[in-house]
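These notes concern the structure reproduced below.
Readers should treat all values here as calculations from the given coordinates under stated rules, not as data from a laboratory. In this text, all values refer to a predicted model and were calculated from it rather than measured experimentally. Here the Cβ is made from the backbone with ideal geometry for all residues, glycine too, and neighbour counts use every protein chain on show.
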Amino acid sequence: MPKIIKNREIIDDQWTTLAEPEQELETTPESTNIIVNLAYWLENKEALTARKGKVGVLLLGSDEPETFQEELKHIDLIAVDFPKFGDGRGYSISRILRERFNFTHEIRAVGDVLRDQLRFMERCGFDAYALRADKDMNEALASFASLSVEYQSDVLEKRPIYARRP
Amino acid sequence: MYAYKEYDQLLLNERVEQFRDQTQRFFKGELSEEEFLILRLQNGLYVQRHAPLLRVAVPYGMLNSTQVRKLAHIAKTYDKGYAHISTRQNVQFNWPKMADVPDILAELASVQMHAVQTSGNCIRNTTIDQFAGVAVNEVADPRPYCEIIRQWSTFHPEFAFLPRKFKIAVSAATDEDRAAIRFNDIGLRLVENAAGEIGFNVFVGGGLGRTPIAGSLINEFLPPKHLLSYLEAVLRVYNRYGRRDNKYKARIKILVKALTPDVFRDKVAEEWKHLVNTALDLPDAEVKQMQECFPEPAYEALEDNPAALMSAKKDSSAFSIWYRQNTDNHKKSGYRIVTLSLKPISVAPGDVTTDQLIAIADMADQYSFGEVRTTHNQNVVLADVKQELLYELWEKLKSFDFATANIHTINDIICCPGGDFCALANAKSIPIAEQIQRKFDDYDYVYDIGEISLNISGCMNACSHHHIGNIGVLGVDKKGKEFYQVSLGGDSGFDAAVGKIIGPSFKEEEVANVIETIIKFYIDQRIEGETFLMTYQRIGMAPFKEKVYAKNN
């Protein structure tokens with residue numbers, strides 16, 4: 001079973017991403033937790049929520065949580081795609097999901113996810129990371145703690161530095 | 001100036017170790033070129049024509065003498081004995097070794113300096129009016145707000161991977177915009193409203209490069225309390241909707257233009273609704289505390305125009321001219337702001353040697369409360385000099401080649417490193433600056449020309465802001481040969497104008513002659529009291545164009 005980082009620990013991934021849900025769903029066991037793209041979810045949500053397994057949705061950087069906020073209560077996981085290391089749209093998407101829409105389930109970073117981004121992602125509300133396949137997860141864990149001082153308020157720390165100062 | 005608190009220092013030390021680890025991983029092959037590129041670019045490290053270039057941040061252009069001595073040490077130990085002041089008030093080293101960079105960063109950290117976010121697609125160093133806090137006409141000292149912005153923007157978790165670089169400039173002067181705020185991604189101008197309250201004009205979407213455009217006013221009065229929430233709203237809209245498919249269309253100016261400033265403002269307002277009245281609010285107490293981090297130096301009660309100054313001006317015309325050109329009024333009587341020219345002839349504009357850096361630090365200690373400022377015009381400022389000591393200081397400045405009385409003249413050229421150093425450049429720029437300075441070597445004539453700005457960029461990236469020089473020169477590549485395009489009428493001030501190209505470009509050897517023709521024509525056409533820009537605005541491009549190309553034919 002593939003591994004991911006979840007809450008700073010390496011665990012077995014309990015989810016299966018269906019790149020082509022139309023074809024793959026038939027052969028996927030009813031109890032498997034699946035991740036499908038947003039368009040597929042929007043078109044098939046009744047059928048998907050009726051399944052035994054949980055359903056997560058994969059967002060692209062161009063997807064706007066504002067446009068499907070009503071759906072969020074039926075979604076069990078959101079994966080946000082980073083097509084490239086340097087594409088930072090997912091950071092804003094995650095903050096909006098957490099801070100504006102109070103999404104409490106897993107938000108997972110997928111795609112070109114590398115260790116030097118992990119703490120920024122965590123501060124923006126991600127709690128799970130599917131590290132790029134060629135990278136070492138154990139080494140990546142160390143990078144969460146490389147900078148201990150953070151000036152801004154964020155999803156985890158509501159007070160900016162001046163409100164935390166003794 | 002702001003002195004680091006314990007946590008500022010801790011962060012910097014950790015950052016040095018983080019970058020050391022990243023550099024080691026790169027050398028071990030664990031990070032690809034591309035992966036390391038993004039990381040090193042977040043830390044001011046470029047790979048240039050001859051060697052890496054390390055850009056060191058000078059937050060809002062403020063340095064203390066200890067920091068300047070450290071820069072001198074780095075120039076001597078790790079570089080070839082000089083450093084370069086950039087057009088974003090930063091300091092660049094052109095010859096460090098990649099493997100030495102972690103050690104250089106550790107040296108910098110020991111004096112509260114760093115290279116964080118001096119490059120890459122993130123929020124860059126905030127620039128400022130170099131006379132902030134000492135200018136005569138100022139609404140309030142803008143530096144505390146710049147430090148607040150510095151802390152907010154440093155390792156901001158959401159905005160580390162923007163579509164493109166992002167630059168903020170701040171000014172608080174009522175009479176002149178010395179920071180070119182309308183040509184930044186965000187320009188903030190501190191103003192006072194009718195009720196006597198202080199707030200910001202917020203301009204968005206200004207910039208140069210391939211698409212030069214002045215920023216649009218999207219908020220006429222932003223109270224300081226909302227500064228960070230509003231900035232965060234602008235940045236979030238940009239982060240989500242700025243183009244990422246084409247790096248030449250990725251700056252916020254393209255987004256603002258595509259949406260129109262009105263629609264962009266509405267989008268920001270919509271986003272801001274969710275951010276205002278949250279932890280991002282800046283309490284008055286915090287602003288006040290930050291203001292206390294910028295205490296006024298221990299000025300003495302002095303009179304303007306002391307006898308020592310008056311007699312020196314009478315006795316030495318050279319001193320008197322330097323006083324007129326290179327010093328400015330100070331808010332405190334008996335003091336004067338002194339600009340050190342880094343543009344003597346045949347020196348690359350903005351370059352300073354190790355010895356000069358040490359001299360700057362010594363003079364700052366002796367004459368200006370140990371503080372130094374860099375300017376976006378690539379000069380250096382000693383902001384608090386007693387008028388009675390100006391003659392003594394001038395004598396020292398002369399011996400270190402800082403006293404060329406050419407500030408705001410045609411020889412105060414803003415110039416990028418160009419094709420001699422920069423990997424992006426299409427053409428050389430430093431030799432063009434020298435060519436022009438040699439042409440205008442008669443200083444009676446130079447002073448007669450009066451106030452003018454001449455900016456030379458070696459490529460469309462416009463690091464020298466050629467679009468907003470009254471005269472702009474741009475190096476272009478035509479089938480492997482270097483040509484130069486000349487533009488007129490640029491204005492970096494409140495009126496914010498982009499210069500217009502006069503016509504077909506010129507060969508390298510023609511540039512100084514063309515500038516001379518333009519200047520002669522202006523002198524011929526001007527009416528009493530007009531600067532070059534005023535004459536140009538009155539008579540327009542056509543007669544200049546006719547004159548320049550008639551002569552060439």
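Per the protein assembly as shown: cysteines with no other Cys C-beta under 4.7 angstrom?
That list is A:CYS124, B:CYS122, B:CYS146, B:CYS293, B:CYS415, B:CYS422, B:CYS459.
Over the Cα atoms of the protein assembly as shown, compute the convex hull volume and normalise it per residue, giving Å³.
172 Å³
How many percent of Cα pairs in chain B exceed 47 Å?
Of all Cα-Cα distances in chain B, 8 percent exceed 47 Å.
Rank by packing, highest mean first: peptides B:120-129, B:529-538, B:338-347, B:313-322, with packing defined as the count of other Cβ atoms within 10 Å averaged across residues.
Top of the packing list down: B:120-129, B:338-347, B:529-538, B:313-322.
Using the Kirkwood formula over every pair of different C-alpha atoms, what hydrodynamic radius in Å results for the stretch B:134-292?
Numbers: mean 1/r = 0.0625 Å⁻¹.
It is 16.0 Å.
State the three equivalent ellipsoid semi-axes of the stretch B:6-109, derived from the C-alpha gyration tensor as the square roots of 5 times its eigenvalues, in descending order and whole Å. Don't skip to the end; give the middle numbers.
Details: eigenvalues 97, 57, 31 Å².
Over the Cα atoms of the stretch B:6-109, the ellipsoid semi-axes are 22, 17, 12 Å.
So what is the relative contact order of chain A, in percent, for Cα pairs below 8 Å that sit 6 or more residues apart?
Value for chain A: 19 percent.
Between B:GLU30 and B:LYS247, what is the label-point separation in nm under the 7 Å Cα-to-beta-carbon projection?
2.7 nm
Can you work out the Karplus-derived ³J(HN,Hα) for every residue in the stretch B:291-300? Use 6.51 cos²θ - 1.76 cosθ + 1.60 with θ = phi - 60°, whole Hz, and x for glycine or proline.
Each residue of the stretch B:291-300 in turn: 4, 5, 6, 10, x, 5, x, 6, 5, 9 Hz.
Inside 10 Å of the C-beta atoms of A:116-122, what's the mean count of C-beta atoms belonging to other chains?
Taking all residues of A:116-122 together, the mean is 4.
In whole Hz, with x marking every Gly and Pro, tabulate ³J(HN,Hα) for the stretch B:266-281 from phi via Karplus 6.51 cos²θ - 1.76 cosθ + 1.60, θ = phi - 60°.
5, 5, 5, 4, 4, 5, 5, 3, 7, 10, 6, 6, 10, 4, 6, 4
Would you mind giving the mean number of other chain beta-carbons within 10 Å of the Cβ of each residue in A:143-149, as a whole number? Don't skip to the answer; put the middle values down first.
Details: counts 3, 0, 1, 7, 8, 4, 13.
Taking all residues of A:143-149 together, the mean is 5.
Nearest 500 deg cm²/dmol is fine: what mean residue ellipticity at 222 nm does chain A get from its DSSP H runs of n ≥ 4 alone, each adding -39,500 (n - 2.57), divided by its residue count? Provide the component values of the computation, followed by the final result.
Numbers: 6 runs with 40 residues, N = 166.
It lands at -6000 deg cm²/dmol.
Return B:LYS288, B:LYS267 ranked ascending by Cβ neighbour count within 10 Å, so the fewest neighbours appear first.
With the fewest neighbours first, B:LYS288, B:LYS267 line up as B:LYS288, B:LYS267.
Among B:SER311, B:SER429, B:SER453, which comes first, second and so on when ranked by fewest other beta-carbon atoms within 10 Å?
Ranked by crowding around the Cβ, least crowded first: B:SER311, B:SER453, B:SER429.
Return the long-range amide H neighbours of B:ALA115 (sequence gap of 5 or more, or a different chain), with a cut-off of under 5 Å between placed amide H atoms.
B:ALA57
Grab the alpha carbons of the stretch B:414-552, take their convex hull, and tell me the volume per residue in Å³.
Given the Cα convex hull of the stretch B:414-552, per-residue volume reads 102 Å³.
Given the pairs B:LYS343/B:LYS500; A:LYS52/A:LYS84; A:LYS3/B:LYS28, which are separated by over 31 angstrom at their Cα positions? If you can, show how the numbers build up before the last one.
Values: B:LYS343/B:LYS500 26 Å; A:LYS52/A:LYS84 34 Å; A:LYS3/B:LYS28 25 Å.
Checking Cα-Cα distances, A:LYS52/A:LYS84 exceed 31 Å.
For B:145-158, what's the mean count of beta carbons from other chains sitting within 10 Å of each residue's beta carbon?
Taking all residues of B:145-158 together, the mean is 5.
Within the stretch B:232-281, list the GluC sites (Glu not before Pro) lying in a DSSP loop whose Cβ has at most 11 other Cβ atoms in a 10 Å radius.
Passing both the DSSP loop test and the Cβ count: no residue.
Within the stretch B:387-464, report the chymotrypsin sites (Phe, Trp or Tyr not before Pro) that DSSP leaves as loop and that have at most 14 other Cβ atoms within 10 Å.
For chymotrypsin sites (Phe, Trp or Tyr not before Pro) across the stretch B:387-464 that sit outside H, G, I, E and B with at most 14 neighbouring Cβ atoms in 10 Å, the list is empty.
Restricting things to Cα coordinates, could you compute the convex hull volume per residue of the stretch B:299-369 in Å³?
Numbers: hull volume 8.1 nm³, N = 71.
About 114 Å³ per residue, rounded to a whole number.
What Kirkwood Rh does the stretch A:3-164 have if only Cα atoms enter the pairwise 1/r average? Answer in Å. Present the calculation step by step, with values, prior to reporting the outcome.
Details: mean 1/r = 0.0607 Å⁻¹.
It is 16.5 Å.
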